[in-house]
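S.K.: I am attaching a structure below and will ask some questions about it afterwards.
Where a number appears in this text, it was derived from the coordinates with a stated rule and is not lab data. Just so we're clear, the structure is a prediction, and the values are computed from it rather than from any experiment. Here the Cβ positions follow ideal geometry from the backbone for every residue, glycine too, while neighbour counts run over all protein chains shown.
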């Protein structure tokens, strides 16, 4: 495993732990990771490497930015996927995004099942109260709480999807 992937996995672990504990992915993780990816590829391949990394950043951030703009996702998730793109490049971040979407869907179903939302929906009942939810500054999380839905930490799905993409590319 090369240095870039070791640093990527370490940053993904830190981002996941932060997202789970605080519902935030700090800039102190995403910005240095993106900068490392840019410098790593610039050093390894010159301007072609820099273009590879920048293209990965843009391709990683674009779809999630739309979701963030619509209030459906936090900015930390967008920056984390962009940072992943700086290391994996355009094809790698595309694969990571696909695996992340699959991991996120499975994760969402698991959380909904765990909180009894799926069980009640199957019987035509309203979702049961899910108990106290930690305060989050994101607008979507507040709307989800009002709707009785549990919060999701998409940074975890990004991390799992990225590791799967590295281990098993399409």
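S.K.: Only one of 7, 51, 20 is in contact with a helix residue (DSSP H, G or I) (Cβ under 9 Å, 6 or more places away or on another chain) and crowded, with 16+ Cβ neighbours inside 10 Å. Can you tell me which?
M.R.: Result of the check over 7, 51, 20: 7.
S.K.: Can you spot a residue in the range 62-69 that is in contact (Cβ under 8 Å) with a residue 12 or more places away in the chain, part of a helix (DSSP H, G or I) and over 16 Å from residue 154 (Cα atoms)?
M.R.: no
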